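K.L.:
Take this structure, written in structure tokens, and hold onto it; I'll ask about it next.
The values are calculated or read from the model by the stated rules, or taken from the named source; none is laboratory data. Since the structure is predicted, the reported quantities are computational estimates derived from the model, not experimental observations. When we count neighbours, we look across all protein chains shown, and the Cβ atoms used for this are built from the backbone with ideal geometry, even at glycine. With ligands, DNA and RNA removed, areas are computed over all heavy atoms of the protein, side chains included. Shrake-Rupley method; radii C 1.70, N 1.55, O 1.52, S 1.80 Å.
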Amino acid sequence: MQRAIISGIAIAILCSIIGLFLVLRRYSLFGDAIAHSSFGGIALGLMAGVYPLWTAYGVSIVSALIMTRIKDKFNISGDASIAVLLSSGIAVGLVIIGLSGGFTINIFSFLFGSILLVSINDTILILTLTGIILIVILLLYRQLLYSTFNEEQAKISGIPVEKINYLIVFMAGITVVTSIQLVGVLLISALFVIPNVTAIMYGRGFKQTSIISMGFSIFSVVAGILISYIFNITPAGTIVLFAIGIFACTIGIKSAGLLSKP
Amino acid sequence: MIAEIENLTVEYPGVKALENVSFSVNQGDFLGIIGPNGAGKSTLFSCMLGLQKKYHGTIKFFGQDIKKSQNYLKEIGYVPQKPIFEKNFPVTVNDVVRMGLRKESDESKIDEILQQLWIHELRKRRIGELSGGQQQRVFIAKALVNNPKILILDEPVTGIDQQSIDLFYSILTELNSKQNITIIWSSHDLDAVNQLANHVACLNRTLFFHGESDDFFKNPELVKQYSESSMQEHMHHH
């Protein structure tokens, strides 16, 4: 239980900060696309007898980077490239599962998450990756923010915008696969998007918005894990419902005119 | 010589956006680039700022070809026509100006520049809720925060109210006269260019005139010829 809470908090922080960059780049569903492509990687790992998350890291990061390259080179729109990435991952996964004669029980824990079963090694990996990604974000904060705000002006200011874009895709790939253990492939984009669209309604500056988003995300994860433990229901659904609850309350408060302009 | 453009030609499929454009800019010049829509002003700036790399001819800043080194960009502050960003993008005025800052150590410069442009009291507001004129001043602040030698502005007053335009012009004049910042500024507004700029370049895909602004504006025949050719281009465009 302790491990689940600690890992959950780390993943909540990671998803909200990476998700904020994706949401502001109008790339909200990119997390979903990477998650679906990781499904292919998971199936590959299960078939090959390798720990499935390792193959998922490889497949989803490589396919996300390739898709980004194709999108830039052939001028394909963001939403179309997301659709290609999303469906190809699922298709590969389904074919591999079919060829292997099916391994439905194992695949379920990846589709819906299994945070309560997280091992000590998993927890260490999650904390290490969270630490590394947060350090990278702190070091490159200005470059990441500026290229998200306005690519053209960032280029003129000497920021290597293309490299920064690939870095964001790379970090998103790591974050998604790491988070599969918490909410599973199917609900990952909820953690990327919902706390951030909620926080944008409160925060003025970027730092304030990201801290508020992390707060909402951590609250949803911790409350979701505890409630699901008490009532013996799936944590992934409960976590996402908490996040949606905060979003709905914010919309209510805003509609009633109780929330001043950020 | 701060900038030299020699025989600049830019071709898009089926059309020449710029043809054999040559002119130079000296330290302290206030150059107004005028021309109708589609005259190639934005293309010219894209080339000068290193965004458009496919062109014939040479562009030099501080004596060096910009295709060889991008270092000159450190000395340039750029203010775009209409800054494009999401209206609800969560950044404050302070955040936007800080983005432009190349060295974290110059943090105190942010306050100084915000005060100079009369937007210090707005520093904690979100950029998306400011008026067009206020936003434009924020983007000038961002462009000035590294003490650039050159300020490039692409039709910076499009869609801004007259009061803000007047304030904006007085700021430009002060930057040029008191801080000796070289200004390269494109505009539709002939009267404003006549009042502010000491040099003029009339662009209409080719360079129609380049020289001191008095030589242009005090020559009615030249102004008439330019206006007629612009009008023809305008009609052709529509």
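K.L.:
Tell me, please, whether a residue that is open to solvent by 10 Å² or more (accessible area, probe 1.4 Å) and free of Cβ contacts under 8 Å to residues at least 24 places away in the same chain can be found in the stretch B:28-41.
P.N.:
Scanning the stretch B:28-41 turns up no residue that is open to solvent by 10 Å² or more (accessible area, probe 1.4 Å) and free of Cβ contacts under 8 Å to residues at least 24 places away in the same chain.
K.L.:
Just one of the numbered conditions (1) closer than 28 Å to B:Asn94 by Cα; (2) open to solvent by less than 60 Å² (accessible area, probe 1.4 Å); (3) out of contact with any Gly (no Cβ under 7 Å at 6 or more places or on another chain) is not true of A:Leu139; which one?
P.N.:
(2)
K.L.:
Just checking, does the stretch A:96-105 include any residue being of a type in the set (Phe, Trp, Tyr) and in contact with a Gly (Cβ under 8 Å, 6 or more places away or on another chain)? Steps first, please.
P.N.:
Narrowing the stretch A:96-105 to residues of a type in the set (Phe, Trp, Tyr): A:103.
With the extra rule that they be in contact with a Gly (Cβ under 8 Å, 6 or more places away or on another chain), the set shrinks to none.
No, the stretch A:96-105 contains no residue that is of a type in the set (Phe, Trp, Tyr) and in contact with a Gly (Cβ under 8 Å, 6 or more places away or on another chain).
Let's see how each residue does on (1) within 20 Å of the chain's Cα centre (by Cα); (2) aliphatic (A, V, I, L, M):
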residue	(1), (2)
B:Pro36	yes, no
B:Lys53	yes, no
B:Ile76	yes, yes
B:Thr92	no, no
B:Arg98	no, no
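K.L.:
Can you tell me which residues in the stretch A:38-64 are among the β-branched types (Val, Ile, Thr) and either surrounded by fewer than 19 Cβ atoms within 10 Å (Cβ to Cβ) or more than 20 Å from A:Leu129 (Cβ to Cβ) (or both)? Give the derivation first.
P.N.:
Of the residues in the stretch A:38-64, the ones among the β-branched types (Val, Ile, Thr) are A:42, A:50, A:55, A:59, A:61-62.
Selection gives A:Val50, A:Val62.
K.L.:
Please enumerate the residues belonging to the stretch B:113-129 that are away from chain A (no Cβ under 11 Å), open to solvent by less than 70 Å² (accessible area, probe 1.4 Å) and of a type in the set (A, V, I, L, M, F, W, C).
P.N.:
Kept after step one, since they are away from chain A (no Cβ under 11 Å), are these residues of the stretch B:113-129: B:113-122.
Adding the requirement that they be open to solvent by less than 70 Å² (accessible area, probe 1.4 Å) leaves B:113-114, B:116-117, B:119-120, B:122.
Residues satisfying the conditions are B:Ile113, B:Leu114, B:Leu117, B:Ile119, B:Leu122.
K.L.:
Okay, moving on. Please count how many residues of the stretch B:101-112 are at pLDDT 85 or above and facing another protein chain (nearest Cβ under 8 Å).
P.N.:
Qualifying residue count for the region: 1.
K.L.:
Report yes if some residue within the stretch A:209-231 is in contact with a strand residue (DSSP E or B) (Cβ under 9 Å, 6 or more places away or on another chain), within 14 Å of chain B (Cβ to nearest Cβ) and either surrounded by 15 or more Cβ atoms within 10 Å (Cβ to Cβ) or closer than 25 Å to B:Met99 by Cβ (or both); otherwise report no. Walk me through it before giving the result.
P.N.:
Restricting attention to the stretch A:209-231, the residues satisfying the condition of being in contact with a strand residue (DSSP E or B) (Cβ under 9 Å, 6 or more places away or on another chain) are none.
There is no residue in the stretch A:209-231 that is in contact with a strand residue (DSSP E or B) (Cβ under 9 Å, 6 or more places away or on another chain), within 14 Å of chain B (Cβ to nearest Cβ) and either surrounded by 15 or more Cβ atoms within 10 Å (Cβ to Cβ) or closer than 25 Å to B:Met99 by Cβ (or both).
K.L.:
Let me ask something else. Limited to the stretch B:140-186, what total is found for residues that are under 15 Å from the mean Cα position of the chain (by Cα) and under 20 Å from B:Ser213 (Cβ atoms)? Before you say what the answer is, go through the steps one by one.
P.N.:
Just the residues of the stretch B:140-186 that are under 15 Å from the mean Cα position of the chain (by Cα), to begin with: B:140-144, B:148-158, B:165, B:168-169, B:171-173, B:175-176, B:181-186.
Adding the requirement that they be under 20 Å from B:Ser213 (Cβ atoms) leaves B:150-157, B:165, B:168-169, B:171-173, B:175-176, B:181-186.
Residues in the stretch B:140-186 being under 15 Å from the mean Cα position of the chain (by Cα) and under 20 Å from B:Ser213 (Cβ atoms): 22 in total.
K.L.:
Could you tell me whether A:Ala190 is part of a helix (DSSP H, G or I), within 9 Å of chain B (Cβ to nearest Cβ), touching a residue at least 24 places away in the same chain (Cβ under 8 Å) and not β-branched (Val, Ile, Thr)?
P.N.:
On the way: part of a helix (DSSP H, G or I): yes; within 9 Å of chain B (Cβ to nearest Cβ): no; touching a residue at least 24 places away in the same chain (Cβ under 8 Å): yes; not β-branched (Val, Ile, Thr): yes.
Considered against the rule, which asks whether it is part of a helix (DSSP H, G or I), within 9 Å of chain B (Cβ to nearest Cβ), touching a residue at least 24 places away in the same chain (Cβ under 8 Å) and not β-branched (Val, Ile, Thr), A:Ala190 comes out as no.
K.L.:
Any residue in the stretch B:72-90 that's more than 7 Å from chain A (Cβ to nearest Cβ): show its pairings with residues that are surrounded by fewer than 15 Cβ atoms within 10 Å (Cβ to Cβ) and assigned to a loop (DSSP other than H, G, I, E, B) at Cβ separation under 6 Å, as long as the two are six or more apart or on different chains.
P.N.:
B:Gln81/B:Thr158; B:Lys82/B:Thr158
K.L.:
Does B:Lys82 qualify as being out of contact with any Phe, Trp or Tyr (no Cβ under 9 Å at 6 or more places or on another chain), open to solvent by 80 Å² or more (accessible area, probe 1.4 Å) and either of a type in the set (Phe, Trp, Tyr) or not in a helix (DSSP H, G or I) (or both)? I'd like the intermediate steps shown before the answer.
P.N.:
Details: out of contact with any Phe, Trp or Tyr (no Cβ under 9 Å at 6 or more places or on another chain): yes; open to solvent by 80 Å² or more (accessible area, probe 1.4 Å): yes; either of a type in the set (Phe, Trp, Tyr) or not in a helix (DSSP H, G or I) (or both): yes.
Judged against the criteria, B:Lys82 is a match.
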